[in-house]
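Structure, as structure tokens:
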Amino acid sequence: SFKGILSNRSAVACLIGDTLRSAAFVAIVLYAISFIRQRFLVPTDLASIILLIGALCYALGSIVSGRFVTRFGRKSSTVITALLSGIFTVSFVYAPILWLSVLLIFVASWFYGTLASAANSLTLEQVPRRRGTMMSMDSAVINLGSAFGTVVGGPVLLSFSYEGLGSTLGVMCIAAAIVISLLAADPTRT
């Protein structure tokens, strides 16, 4: 099963894209609250509420993703939401005021939720006869991507501040969109 998946260019592209998008999401899930606390001196209780609302935005994005996938297809939905997630990840660290930054974090969270569902759907359809193995591999690369985003994010933050962090991780999500756009196929739309 692994050989069949790894010999499929489209399946490998989806796995690479999922690694990159999950690495990028670390900017929101791990670093965004630290950013607003440090940059805008937000108290812990308000930061906790912002984190909960961001999680709600992610969940709502995941729920409505089905409508986008049905309307635009798995690949298009994945590419569009990856581009938007990356753009909003880059932008929240450059916002000059707290509430604009928070709004951008919420929008990024919503698009990451939509992206997660669309990308998982696209990846799962790549090798229909090996869905179980594909799902296991996808879960592994998503976790690997999260670890990669954390490992890359720390040194970038120390060297280039939050602007470098947001830019680096946001560009990873844009790279995921490019990889999927150029190399992946939607087997359900042939």
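The values are calculated or read from the model by the stated rules, or taken from the named source; none is laboratory data. Just so it is clear, the model here is predicted, and its values are computed rather than measured. Cβ coordinates were reconstructed from backbone atoms using ideal geometry, including for glycine residues, and neighbour counts include every protein chain displayed. Calculation scope for accessible area: heavy atoms of the full protein, side chains included, ligands and nucleic acids excluded. Shrake-Rupley method; radii C 1.70, N 1.55, O 1.52, S 1.80 Å.
Against the conditions (1) touching a residue at least 12 places away in the same chain (Cβ under 8 Å); (2) open to solvent by 10 Å² or more (accessible area, probe 1.4 Å); (3) part of a helix (DSSP H, G or I), THR70 satisfies every one except (1). Output the residues belonging to the range 44-65 that are open to solvent by 50 Å² or more (accessible area, probe 1.4 Å), under 19 Å from ILE142 (Cβ atoms) and among the hydroxyl-bearing types (Ser, Thr, Tyr). TYR58, the sole residue that qualifies.
Just so you know, in the range 89-133 the residues that are farther than 28 Å from PHE40 by Cα, modelled with pLDDT of 95 or more and among the hydrophobic types (A, V, I, L, M, F, W, C) include one that is surrounded by the fewest Cβ atoms within 10 Å (Cβ to Cβ), and it is ALA116.
Just so you know, in the range 178-190 the residues that are open to solvent by less than 20 Å² (accessible area, probe 1.4 Å) and part of a loop (DSSP other than H, G, I, E, B) include one that is nearest to PHE35 (Cα to Cα), and it is ALA184.
Summed over the range 151-177, the residues that are open to solvent by 60 Å² or more (accessible area, probe 1.4 Å) and in contact with a helix residue (DSSP H, G or I) (Cβ under 6 Å, 6 or more places away or on another chain) give a count of 0.
The condition (being more than 22 Å from ALA176 (Cβ to Cβ) and assigned to a helix (DSSP H, G or I)) is satisfied by just one residue among TRP110, TRP99: TRP99.
Kindly evaluate LEU41 against the criterion of being more than 16 Å from the chain's Cα centre (by Cα), at pLDDT 95 or above and either aliphatic (A, V, I, L, M) or open to solvent by less than 10 Å² (accessible area, probe 1.4 Å) (or both). So LEU41 fits the description; yes.
One residue is enough: does the range 149-170 have a residue meeting the conditions among the charged types (D, E, K, R) and at pLDDT below 95? No, every residue in the range 149-170 fails to be among the charged types (D, E, K, R) and at pLDDT below 95. Scanning the range 137-146 for residues that are surrounded by 14 or more Cβ atoms within 10 Å (Cβ to Cβ) and either out of contact with any Asp or Glu (no Cβ under 9 Å at 6 or more places or on another chain) or not in a helix (DSSP H, G or I) (or both) turns up MET137, LEU144, SER146.
Kindly state which helices (runs of 4 or more DSSP H) lie completely within the range 1-59 and contain at least 3 residues that are more than 21 Å from ASP186 (Cβ to Cβ).
9-26, 32-40
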